Amino acid sequence: MRYNYLVLLLFSSGLLLGQPVSLILSPKATAAETRAAAVLKSYLGKITRQPITVTRDPKSEPVPPVIFIGNSPAAQMQGFAIPEKMEEDALFLHGKGGMVALGGGGELGAEYAAYSLLELLGFRRFSPRDTFMPKLETLQLPGFPARVETPAFPYRELWYEPAMDDSWARWHKLKTPTQKTKEWGMFVHTFDKLCPQNQYFKEHPEYYAFNGSQRSPGQLCLSNDTVFQIVVAGLRSLIAQNPEARYWSVSQNDNYDYCKCTRCAAADRKYESSAGSLLLFVNRVAQAFPDKVISTLAYQYTRKAPKGLKPEPNVNICLCSIECNRGNPIEEGCADFANDVREWSALTKNLMIWDYVVQFRSYFGPFPNWKTLQPNLQFFQKNGVRMMFEQGSGRDRSEFSDMRAYLLAKLMWNPNANQDSILADFRRGYYGDYADLVDRYVKDNIRRMEKHGKKLWIYDVPQNEAFVRDSFFHRMMQFDQAMPKPSDPKLEQRLRPIVLVELVSFLENMKCVPQVGDDFMAQNAYMMFRFDTSGLHDMFNNFEKWCGESGLMHMNENGYTPAQYVQDFRKFLARNKEASQTIALNVQLTEPASPKYSGGKAGILLDQLVGETDYRYNWIGFNGNDMQATIQVADTAGMPFVSDIMVSFLEDQSSWVFLPEKVIFELSVDGENFFPVKEETLVTIPSDKKRFQTVRAAFKPTTARAVRVTAINRKVCPEWHTCNGNPCWIFADEITVK
């Protein structure tokens, strides 16, 4: 009993707990300052056994450690001078004599200062799942000169999985999802929401774009006054339902089918940009809502700034860099977009940049854009950009999503921060003993990309990137040997995505014809499994589990899951096996295929590597014209017999890729005169799904030396399509003859 009483006495007197940590608020503390005190009390309470007190009016001389929050007489008596006025989100910090004073501007500045102080004390929020807290017996506050930090961009939004967590985003001084929902009534691609084509197009096609041959529901006719009235009425109704929202997007749909009618085209000619007719329209809308910010896109065909036409003061221009090569900083490698930034910034101070920092077709694809992130943000800051939206993989985790999000958050606050120090700090805390290994891996990816010409596109696939196919063997062996042991499961989960990225890159490479310069593994990838796929099937049994353990739930922006990937890869192997039974020898095209895809090489049709749902590999395409392929068949013992012909076609209507209207199969005994054996008509209905369809002709064994397959292109996108009247594509692959 005596021992317990003594321990209680020591704790109550502070001899074991140490001097209390005093958080002293201004007597008239703002909501931000009150939140800052709560943040500090919560986090500091997790690392020290010292009592933490919060007071507004200390009765005695403060004894360190003390944190003054906001401008108060107590802080002033200790020689702290917190500025009375600071810009929105700006923060103030000053430390001396075992005391710190902090404050900030606007609704969040003081809270942001609290997070910065915690980082000075050694705290880190690497991801929503990974918070590092220092181990401190007693809290000792550092000394440092007084400073005010003002963010480079007043509006900072990061569309990356860590930033979908409000607390992580707030710690890193970003717009949170909750704030975004409150501030934005509508966000991009809103024409169809404001003037729905399913409501008006049938009766009033004149409300919609004239694409040069006919009216199309893809975009609005922006010179039509009734369209203006419908949009304003729709917007007024939506604002009445959500009056607190500040930003309202009145912006083009996500396609190229803008209006080319006489009046719209005249405006575009006058202002030397397709943004001319758009900005005239949006300015009129903005005049009807002077107390709101009307945001619109400068995107694809509207990217170029108009000459002699300025946005209204309450119009926000969201300029998008979607076309840029990510292997170079924008100012070096995308001169036309850099010029667009300069021209728009000369027209308006209300400029937002929508930038892209991830590989959207393959979240598991290597994307070494590390040398471009900082110079791009520095360029935007230099040109007066005030709003930054960095689009990563959204709610999905992807290749280095935690590390890239962490870096971007720091650089969006201060583009001149030391990037190497930020990344080194992250690697040490997140990857531990494997920090140097990750550093070497990232630098190796950059080196290989630079070796192959610094080409890095946000909508490509691993098998099209030369730097991905380079040094497969070295990379896979390096990580196979360096993986942490199961005794450290958390670290294994953090490293596992790197291995999965390499694995998927290798698997995707298996699907394509090797390229000159590929290493041993890339050259022989498919042959390694062509005759014995049991090893692949064993690996696939674990693939979905590995992805789940690493938090990798989708493999691209369309929600493609690891389970679907495994299922489709197994189908790919089965289809390839069937294609390998062909007796086809060579193929010639009557009209050449487009050189844009697979080099337009006719041999793609017989390479026994079947096409899937991405036209960028294993397909040849025909834009607005038919395909006619003539195939010589093997002459084994006299005249060969043919009884089965197959060919596949792709459908991806959003990319203007349609099934052919008709497929005709013919045979020839002499290789010159052909007779039909089957003709099949294909029906196309509106669909937003990507798929391939195999067309087959099966018949009694017939002698033949040649086979001819003709696919009749519909020539233009159908009337119901958003880009009707424009030339459309057919894509064909793997003709199998048995």
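The values are calculated or read from the model by the stated rules, or taken from the named source; none is laboratory data. All of these numbers come straight from a predicted model, not from anything done at the bench. We place every Cβ from the backbone using ideal geometry, glycine too, and count neighbours over all the protein chains shown.
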Among helices (runs of 4 or more DSSP H) entirely within the stretch 429-528, at least 2 residues that are at pLDDT 85 or above occur in 435-451, 466-469, 489-510
Those residues of the stretch 162-173 which are more than 20 Å from the chain's Cα centre (by Cα) and buried (at least 16 other Cβ atoms within 10 Å of the Cβ), in sequence order:
Arg170, Trp171, Lys173
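Looking only at residues that are of a type in the set (S, T, N, Q) and part of a helix (DSSP H, G or I) in the stretch 181-210, which one is nearest to Leu319 (Cα to Cα)?
We begin by selecting, within the stretch 181-210, every residue of a type in the set (S, T, N, Q); these are 181, 190, 197-199.
Subsequent filtering for residues that are part of a helix (DSSP H, G or I) retains 181, 197-199.
On the way: Thr181: 21, Gln197: 25, Asn198: 28, Gln199: 30 Å.
Filtering the stretch 181-210 for residues that are of a type in the set (S, T, N, Q) and part of a helix (DSSP H, G or I), the one nearest to Leu319 (Cα to Cα) comes out as Thr181.
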Residue in the stretch 6-57 that is farthest from Thr138 (Cα to Cα), counting only those that are modelled with pLDDT of 95 or more and among the basic types (Lys, Arg):
Arg35
Give me the pairs, please: first residue somewhere in the stretch 670-687 and among the β-branched types (Val, Ile, Thr), second residue anywhere and assigned to a loop (DSSP other than H, G, I, E, B), beta-carbon distance under 6 Å, and either six or more positions apart or on two chains.
Thr684/Phe658; Thr684/Leu659
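Looking at Lys96, Lys85, can you tell me which residue is of a type in the set (Lys, Arg), within 23 Å of Leu139 (Cα to Cα) and outside the structural domain of Trp413 (by TED's automatic domain parsing)? Outline the logic, then answer.
Values: Lys85 fails: within 23 Å of Leu139 (Cα to Cα).
Result of the check over Lys96, Lys85: Lys96.
Suppose we filter the stretch 634-645 for residues that are surrounded by fewer than 14 Cβ atoms within 10 Å (Cβ to Cβ) and touching a residue at least 60 places away in the same chain (Cβ under 8 Å); how many remain? Explain how you work it out, then say what you get.
Looking only at the stretch 634-645, we keep the residues that are surrounded by fewer than 14 Cβ atoms within 10 Å (Cβ to Cβ), and these are 634-639.
Subset that is touching a residue at least 60 places away in the same chain (Cβ under 8 Å): 635, 639.
Looking only at that region, the number is 2.
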Considering only the stretch 88-107, state which residues are crowded, with 21+ Cβ neighbours inside 10 Å and of a type outside the set (Gly, Ala, Ser).
Asp89, Leu91, Phe92, Leu93, His94, Met99, Val100, Leu102
Neighbours by Cβ (under 7 Å, 6+ apart or cross-chain): first from the stretch 218-240, within 24 Å of Ala267 (Cα to Cα); second among the acidic types (Asp, Glu)
Gly218/Asp257; Gln219/Asp257; Cys221/Glu206; Asn224/Glu206
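How many residues does the stretch 418-432 hold that are surrounded by fewer than 20 Cβ atoms within 10 Å (Cβ to Cβ) and in contact (Cβ under 8 Å) with a residue 24 or more places away in the chain? Working first, answer last.
Taking the stretch 418-432 as the starting set, the residues that turn out to be surrounded by fewer than 20 Cβ atoms within 10 Å (Cβ to Cβ) are 418-422, 424-425, 427-429, 432.
In the following step, the residues that additionally are in contact (Cβ under 8 Å) with a residue 24 or more places away in the chain were identified as 419, 425, 427, 429, 432.
Matching residues across the stretch 418-432 total 5.
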Pairs, first over 22 Å from Arg575 (Cα atoms) in the stretch 689-715, second of a type in the set (Lys, Arg) and modelled with pLDDT of 95 or more, C-beta under 9 Å, six or more apart:
Ile712/Lys662
Any hit, the stretch 638-647, residues being under 12 Å from Ala732 (Cα atoms) and not β-branched (Val, Ile, Thr)
yes
Hits in the stretch 27-55 (condition: farther than 18 Å from Gly104 by Cβ and in a loop (DSSP other than H, G, I, E, B))
Gly45, Lys46, Ile47, Thr48, Arg49, Gln50, Pro51
Would you confirm, using the coordinates I've provided, whether Arg616 is outside the structural domain of Thr703 (by TED's automatic domain parsing) and not aromatic (Phe, Trp, Tyr)?
no
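Considering only the stretch 174-214, state which residues are in contact with an Asp or Glu (Cβ under 7 Å, 6 or more places away or on another chain) and surrounded by fewer than 22 Cβ atoms within 10 Å (Cβ to Cβ). Outline the logic, then answer.
Our first condition is that a residue be in contact with an Asp or Glu (Cβ under 7 Å, 6 or more places away or on another chain); within the stretch 174-214, this holds for 174-178, 180, 182, 189, 209, 211.
Listed by number, the residues that qualify are Lys175, Thr176, Pro177, Thr178, Lys180, Lys182, His189.
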Take Thr138 and tell me if it is at pLDDT below 95 and either out of contact with any Cys (no Cβ under 9 Å at 6 or more places or on another chain) or loosely packed, with under 14 Cβ neighbours inside 10 Å (or both).
yes
Among the strands (runs of 3 or more DSSP E) contained in the stretch 646-738, which hold 1 or more residues that are surrounded by 21 or more Cβ atoms within 10 Å (Cβ to Cβ)?
662-668, 691-703, 706-712, 729-737
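Assess whether Phe379 counts as being in a helix (DSSP H, G or I), among the aromatic types (Phe, Trp, Tyr), touching a strand residue (DSSP E or B) at 6+ places or on another chain (Cβ under 8 Å) and buried (at least 19 other Cβ atoms within 10 Å of the Cβ). Full working, then the answer.
Numbers: in a helix (DSSP H, G or I): yes; among the aromatic types (Phe, Trp, Tyr): yes; touching a strand residue (DSSP E or B) at 6+ places or on another chain (Cβ under 8 Å): no; buried (at least 19 other Cβ atoms within 10 Å of the Cβ): yes.
No: the conditions fail for Phe379.
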Quick one: Ile353 ticks every box in (1) free of Cβ contacts under 8 Å to residues at least 40 places away in the same chain; (2) of a type in the set (A, V, I, L, M, F, W, C); (3) part of a loop (DSSP other than H, G, I, E, B) bar one, so which box is it?
(3)
Could you tell me whether the stretch 662-673 includes any residue that is under 30 Å from Gln564 (Cβ atoms) and either under 34 Å from the mean Cα position of the chain (by Cα) or in the same structural domain as Gly218 (by TED's automatic domain parsing) (or both)?
no
Among the numbered criteria (1) modelled with pLDDT under 95; (2) surrounded by fewer than 19 Cβ atoms within 10 Å (Cβ to Cβ); (3) charged (D, E, K, R), which single criterion is violated by Lys349?
(1)
Does any residue in the stretch 90-112 that is at pLDDT 95 or above come within less than 6 Å, Cβ to Cβ, of a residue that is among the acidic types (Asp, Glu) six or more places away or on a different chain, and which pairs are these?
Leu91/Glu149; Gly105/Glu87; Gly105/Glu88; Gly106/Glu88; Gly106/Asp89; Leu108/Asp89; Gly109/Asp89; Ala110/Glu33
Segments classed as strands (runs of 3 or more DSSP E), wholly inside the stretch 58-161, with at least 2 members that are out of contact with any Lys or Arg (no Cβ under 7 Å at 6 or more places or on another chain)
66-69, 91-96, 99-104, 124-127, 144-149, 155-159
Index of the failed condition, Val282 passing every other in (1) under 29 Å from Ala240 (Cα atoms); (2) free of Cβ contacts under 8 Å to residues at least 40 places away in the same chain; (3) surrounded by fewer than 22 Cβ atoms within 10 Å (Cβ to Cβ):
(3)
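Mind listing whichever residues of the stretch 223-257 are outside any loop (DSSP other than H, G, I, E, B), among the aromatic types (Phe, Trp, Tyr) and under 29 Å from the mean Cα position of the chain (by Cα)? Lay out the reasoning, then the answer.
Residues of the stretch 223-257 that are outside any loop (DSSP other than H, G, I, E, B), as a first pass: 225-241, 247-249.
Checking which are among the aromatic types (Phe, Trp, Tyr) leaves us with 228, 247-248.
Scanning the stretch 223-257 gives Tyr247, Trp248.
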Quick check on this structure: which one of Lys349, Lys371 is over 18 Å from Ala298 (Cα atoms) and out of contact with any Leu (no Cβ under 8 Å at 6 or more places or on another chain)?
Lys371
Is it the case that the stretch 665-674 has a residue that's touching a Phe, Trp or Tyr at 6+ places or on another chain (Cβ under 6 Å) and either farther than 24 Å from Arg575 by Cα or among the β-branched types (Val, Ile, Thr) (or both)?
yes
